[in-house]
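The structure appears below as structure tokens.
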Amino acid sequence: MAETASESGLKIVDAFDLDPELRALLRPGELAEGIGGQYHHLPRYFYEIPSHEAAREIRLTPHFGLNEFLLVDLKEAQRLRNYPRYVPCAVRLLAFYLQRLREAVGTPLHIAVNGGYRSPAHKLSLGATPHMWGTAVDLYRVGSVVLRDQNSIETYNRVAEELSDDWWVMPYGHEIGKADDHMHLDLGYVTHVPREINEDRHEAPQPVPRFAFEERRRGDRRGWPEHTDLAGTPAADSPAPDEDAVPDPPR
Ligand SMILES: [Zn+2]
């Protein structure tokens, strides 16, 4: 029987073992300069998502599917829009925090196109933004509230800030480093090393590629137990990307 995400858990890859084109696009471990002049090491360990179907089926939390963090348009490198696709393992931490925010507001959070993971090759990746670590998210709508004015953005920014000091919340405003047509939240430059991975010092492709299958954790992300959703609503909040194309906020 072939191994699939559903049978064995998500596959984790060491990006140094990917083909040269992918390595050049993902730049594992490289230093990237942020807008403030600080340097950060880009992520090295990625989930490998075999297919569009897998991306739609795999849930990171009761209300967030993996596919919601992969919404990109032509601004992302073509190769990275093809399956198998790659997303830094820290995306799971982002999903955990978003799930808590979802529960606090009691209504669906809608992630913008280009508002989840963006590779270093993405046209909006001008400096080291946590989007390149899979730890940032842009929301354009909370429930039926479209985030296009100061009041709505600041209202939900406050909810996020009160929920956890781990969130960094982009202030409302029109200048660079502020947002006026979406809500940007991030956890900073978090890199996640899954326990199944063997960290070695060989930052070059290996004859035998390094990978692991993440052990099944509670709930098995495909079929979350119904009792975890106290509101009794369907697990999926967001429509499929092709059903809900919106202009992408640039940050
Ligand atoms: Zn953002």
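Since every read-out is calculated from the coordinates, none of them should be taken as a lab result. Keep in mind it's a predicted model, so treat the numbers as computed, not measured. Glycine also receives a Cβ, built like all others from the backbone with ideal geometry; neighbour counts cover every protein chain displayed.
Observations on the structure shown:
- Here r is the Cβ-Cβ distance between Glu215 and Arg23 and R0 is 35 Å; the resulting FRET efficiency, rounded to 0.05, is 0.85.
- Peptide packing for 194-202, 167-175 was compared via the average number of neighbouring C-beta atoms within 10 Å per residue; ordered from the highest value, the list is 167-175, 194-202.
- Spin-label pair Val146/Leu126, simplified geometry with 7 Å Cα→Cβ offset, distance in nm: 2.5
- Karplus 3J(HN,Hα) series, Hz, for the range 163-174 with 6.51 cos²θ - 1.76 cosθ + 1.60 (x for Gly, Pro): 6, 7, 6, 6, 6, 9, 10, 6, x, 6, x, 9
- Long-range amide H partners of Phe213 with built H, under 5 Å: Ile12
- For the range 1-102: rounded, prolate or oblate by the Cα gyration tensor [a/c cutoff 1.5]: oblate
- Segments 124-132, 157-165 sorted - mean Cβ within 10 Å per residue, highest first: 124-132, 157-165
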